[in-house]
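Participant: Have a look at the structure that comes next, please.
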Number of protein chains: 2
Amino acid sequence: MLVLSRHAGEYCRLIEAACLPDLDVVSATDPSGLPASASTCDIVFGEPSLVAKALPVLPAVRWVQATWAGVEPLLDPALRRRAGQDYILTNARGVFGALMSEYVFGYMLAHERRILEKYDAQKERRWDSRPPGTLRGKRLGLLGVGTIGAALARTAKHFGMAVRGYTRASESCDAVDEYFHSDDRAGGHGRRSLNAFAADLDYLVSVVPDTAATRALVDEQLLTALPPRAVFINPGRGSVVDEAALARALSSGRLAAAVLDVLQTEPLPADHVLWRTPNVTITSHTAALSGPADIAPLFVTNYQRFVAGGPLIYCVDVELGY
Amino acid sequence: MLVLSRHAGEYCRLIEAACLPDLDVVSATDPSGLPASASTCDIVFGEPSLVAKALPVLPAVRWVQATWAGVEPLLDPALRRRAGQDYILTNARGVFGALMSEYVFGYMLAHERRILEKYDAQKERRWDSRPPGTLRGKRLGLLGVGTIGAALARTAKHFGMAVRGYTRASESCDAVDEYFHSDDRAGGHGRRSLNAFAADLDYLVSVVPDTAATRALVDEQLLTALPPRAVFINPGRGSVVDEAALARALSSGRLAAAVLDVLQTEPLPADHVLWRTPNVTITSHTAALSGPADIAPLFVTNYQRFVAGGPLIYCVDVELGY
């Protein structure tokens, strides 16, 4: 097995501590420094961008476990091998839901409770008794209901919110009150379904992966379908947003606020329009920072399934891209 | 029945809408404007401070339902009548838990996620990728575990926190992992028990009522027992805090931060030391603003119990003060 990660040392320690059977581990922090024995490895555990570069010289690979949720670099068709010799790709899931919930509900509660306005009032020693809002009874729309969306839906129910989910076809989360679909075969009607989903939302949160189907999904038309009181929160993928359309919607007051953890270009360039757009909060890609201690247990679980010949969890469908 | 409240009109509309049997309602917004028939009322529903002033001219009263949680004005022994002719006092509970949860977790998440620091960084167009903290695995200590404390404990468990409760003797909430008591008979040892409760807390939240036993409970000694990383949040009663001791603890770095909704004097005077103490957030008594629509249903429920001869809910023990 090859561990290929900037945190290779920490991953190796965590994997050794798990005392897994029949496992020889070699490691590298960079694809240019692979050990000679890497060419015989049948398992690779590492960061998608590093693994993508190393794959051409890893002919024996049968399984790649990514340390991240986003596996875009590994979706390049040139990296696939012909059927029968292809490898299984699994990604990191399930560990981000709790952190994402803290992020999304931290900012939703900050909005309802006017935490920033009260902070500014306090600087002037002003007793600010304006009443706050409440999440109770408000409506959350989730673009994407995977493991993260499901965690957000459960927290929303805890706070008494109504929850809508927009998915391709799945309806697997009980905490979602109402589903809308992009896939016609699932009863969706493409754009009409998305506009119906957006109508009357108080909060829109995007947790879809970066795929051809989600690129610029949050565009002028979707933003126009939201009510002006709505707040857009994006802890998912920057590619999902038409940033120019978002800046226009916020500047013209057609949208109340946006909280953006991810952007098309990171770090956001100093002259970018979103730095000077009103009611934007930039959180600099810190929504759900996971470390080896969060991710290594996923590998351990999947390795035990791998040696037992059982199906792996969190397999990526490379056609769908997630 | 007499409705005695600044919101008497709205309360009367809500009570009439409930079509309660055998009920004649008279109302006033002030004790100086009582209708003549008030002297025959056996039920009073109103604000504690107004009801306390009117009680001497309401000899027929058998039950007082307060519109607030805090009933200090009605605890004056001079307002009690001799046994057998005394009235039942019930207060408002159960409606504040959800709002208090949004308040407390809004500020706890803001602290973990560094929302204010990131807000300041953004003003300088600074990409601030410092990692945030998480509530998961942190320890919350609740001073008081009534209906509000129980709601906070449930939300804390949702976010994966450990929960300690400090009560006189009760252990009725399952979401509390570990109890500490002030009452020796319940296994508590007074001050020793309180110090053990405070050791290693990440967050201390006070939701005890204002009674002789809770006055200045959060004093130099308790603040010293907390670790320096701890955050104190007070959405309960201002009388619980020794404000000079709190200001000293914050100024000297022995406490990380305080979020204060209630204070000894409100509005907080402009020259008060807490306006210029570091890491203090003042939220100006807005944590759980309830209105007639929240409170009237409590009266309706209790009235139905009253006419059925059943026990009322949310009875106040006037000796204990809650």
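Participant: Which count do you get for residues in the range A:265-280 that are facing chain B (nearest Cβ under 7 Å) and crowded, with 19+ Cβ neighbours inside 10 Å?
Facilitator: The total comes to 1.
Participant: Within the range A:300-312, work out how many residues are surrounded by 13 or more Cβ atoms within 10 Å (Cβ to Cβ) and not in a helix (DSSP H, G or I).
Facilitator: So the count comes out to 1.
Participant: Here is a follow-up. Take B:ALA169 and tell me if it is more than 30 Å from A:TRP275 (Cβ to Cβ), part of a loop (DSSP other than H, G, I, E, B) and modelled with pLDDT under 95.
Facilitator: yes
Participant: Is it the case, given these coordinates, that B:LEU152 is within 14 Å of another protein chain (Cβ to nearest Cβ), farther than 25 Å from B:ARG93 by Cβ and touching a Leu at 6+ places or on another chain (Cβ under 8 Å)?
Facilitator: No, not satisfied.
Participant: Is there a residue in the range B:203-210 that is surrounded by fewer than 16 Cβ atoms within 10 Å (Cβ to Cβ) and either away from chain A (no Cβ under 14 Å) or within 26 Å of B:ASP184 (Cβ to Cβ) (or both)?
Facilitator: Within the range B:203-210, not a single residue is surrounded by fewer than 16 Cβ atoms within 10 Å (Cβ to Cβ) and either away from chain A (no Cβ under 14 Å) or within 26 Å of B:ASP184 (Cβ to Cβ) (or both).
Participant: Any chance the range B:304-312 includes a residue that's closer than 23 Å to A:TYR119 by Cβ, of a type in the set (Lys, Arg) and without any contact (Cβ under 8 Å) to a residue 40 or more places away in the chain?
Facilitator: no
Participant: Go through (1) under 19 Å from B:VAL307 (Cβ atoms); (2) surrounded by 21 or more Cβ atoms within 10 Å (Cβ to Cβ); (3) aliphatic (A, V, I, L, M) for B:VAL25 and report which single condition fails.
Facilitator: All conditions pass for B:VAL25, except number (2).
Participant: Restricting to the range A:1-33, name every residue that is in a helix (DSSP H, G or I) and within 18 Å of A:LEU74 (Cα to Cα).
Facilitator: If the condition is that a residue be in a helix (DSSP H, G or I) and within 18 Å of A:LEU74 (Cα to Cα), then A:PRO31, A:SER32 are the ones that fit.
Participant: Something else: List, please: which pairs have Cβ atoms under 9 Å, are six or more places apart or on different chains, and start with a residue in the range A:204-226 that is within 22 Å of A:ALA153 (Cβ to Cβ) and end with one that is acidic (Asp, Glu)?
Facilitator: A:PRO209/A:GLU72; A:ASP210/A:GLU72; A:THR211/A:GLU72; A:LEU217/A:ASP242; A:VAL218/A:ASP242; A:LEU222/A:ASP242; A:LEU226/A:ASP200
Participant: Next up: How many of the residues in the range A:232-263 are buried (at least 16 other Cβ atoms within 10 Å of the Cβ), away from chain B (no Cβ under 14 Å) and outside any helix (DSSP H, G or I)?
Facilitator: 8
Participant: Kindly list the number of the only condition in (1) over 30 Å from A:ILE15 (Cα atoms); (2) at pLDDT below 95; (3) in contact with a Pro (Cβ under 6 Å, 6 or more places away or on another chain) that fails for A:ASP261.
Facilitator: Single failed check for A:ASP261: (2).
Participant: Can you tell me which residue within the range B:155-171, out of those that are within 14 Å of chain A (Cβ to nearest Cβ) and in contact with a strand residue (DSSP E or B) (Cβ under 6 Å, 6 or more places away or on another chain), is surrounded by the most Cβ atoms within 10 Å (Cβ to Cβ)?
Facilitator: Residue satisfying both the conditions and the ranking: B:ALA156.
Participant: Step by step: first the residues of the range A:281-299, then only those that are within 8 Å of chain B (Cβ to nearest Cβ) and either under 14 Å from A:ARG93 (Cβ atoms) or touching a residue at least 24 places away in the same chain (Cβ under 8 Å) (or both), then the one that is surrounded by the most Cβ atoms within 10 Å (Cβ to Cβ). Which residue is that?
Facilitator: Applying the filter and picking the extreme gives A:THR283.
Participant: Given (1) under 23 Å from B:THR147 (Cβ atoms); (2) in a helix (DSSP H, G or I); (3) more than 20 Å from the chain's Cα centre (by Cα), where does B:LEU201 come up short, assuming only one miss?
Facilitator: The number of the failed condition is (2).
Participant: Considering only residues of the range B:172-183 that are assigned to a loop (DSSP other than H, G, I, E, B) and surrounded by fewer than 22 Cβ atoms within 10 Å (Cβ to Cβ), which is farthest from the other protein chains (Cβ to nearest Cβ)?
Facilitator: Top of the filtered list is B:ASP183.
Participant: Additional query: Would you pick out the residues in the range A:267-279 that are touching a residue at least 12 places away in the same chain (Cβ under 8 Å), part of a loop (DSSP other than H, G, I, E, B) and of a type in the set (A, V, I, L, M, F, W, C)?
Facilitator: The one that is touching a residue at least 12 places away in the same chain (Cβ under 8 Å), part of a loop (DSSP other than H, G, I, E, B) and of a type in the set (A, V, I, L, M, F, W, C): A:LEU268.
Participant: All but one of (1) closer than 30 Å to A:ASP24 by Cβ; (2) more than 23 Å from the chain's Cα centre (by Cα) hold for A:VAL318; which doesn't?
Facilitator: All conditions are met except number (2).
Participant: Still on this structure, I have one more. Go through the range A:221-234 and count every residue that is under 23 Å from the mean Cα position of the chain (by Cα) and within 22 Å of A:THR134 (Cα to Cα).
Facilitator: Looking only at that region, the number is 6.
Participant: Answer yes or no as to whether B:ILE282 is closer than 21 Å to B:LEU143 by Cβ and either under 19 Å from the mean Cα position of the chain (by Cα) or at pLDDT 95 or above (or both).
Facilitator: Against the criterion (closer than 21 Å to B:LEU143 by Cβ and either under 19 Å from the mean Cα position of the chain (by Cα) or at pLDDT 95 or above (or both)), B:ILE282 qualifies.
Participant: What are the residues in the range B:78-135 that are polar (S, T, N, Q), without any contact (Cβ under 8 Å) to a residue 12 or more places away in the chain and either surrounded by 19 or more Cβ atoms within 10 Å (Cβ to Cβ) or more than 10 Å from every other protein chain (Cβ to nearest Cβ) (or both), if any?
Facilitator: Residue satisfying the conditions is B:GLN85 alone.
Participant: Still on this model: If the Cβ limit is 9 Å and pairs must be 6+ apart or interchain, which residue in the range B:151-179 that is closer than 20 Å to B:ARG191 by Cβ pairs with which residue that is surrounded by fewer than 18 Cβ atoms within 10 Å (Cβ to Cβ) and of a type in the set (S, T, N, Q)?
Facilitator: Close Cβ pairs (under 9 Å, with a partner that is surrounded by fewer than 18 Cβ atoms within 10 Å (Cβ to Cβ) and of a type in the set (S, T, N, Q)) amount to B:TYR179/B:SER170.
Participant: Okay, moving on. Would you please name the residue that is modelled with the lowest pLDDT, looking only at residues in the range A:55-77 that are surrounded by fewer than 21 Cβ atoms within 10 Å (Cβ to Cβ) and small (Gly, Ala, Ser)?
Facilitator: So the residue we want is A:GLY70.
The rows are residues; the columns are (1) assigned to a loop (DSSP other than H, G, I, E, B); (2) within 25 Å of B:TYR322 (Cα to Cα).
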residue: B:VAL208; (1), (2): yes, yes
residue: B:ALA216; (1), (2): yes, yes
residue: B:PRO228; (1), (2): yes, no
residue: B:THR281; (1), (2): no, no
residue: B:ALA287; (1), (2): yes, yes
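The values are calculated or read from the model by the stated rules, or taken from the named source; none is laboratory data. The structure presented is a predicted model; accordingly, all values stated were derived computationally and were not measured. Backbone-built Cβ (ideal geometry, glycine too); neighbour counts: all protein chains shown.
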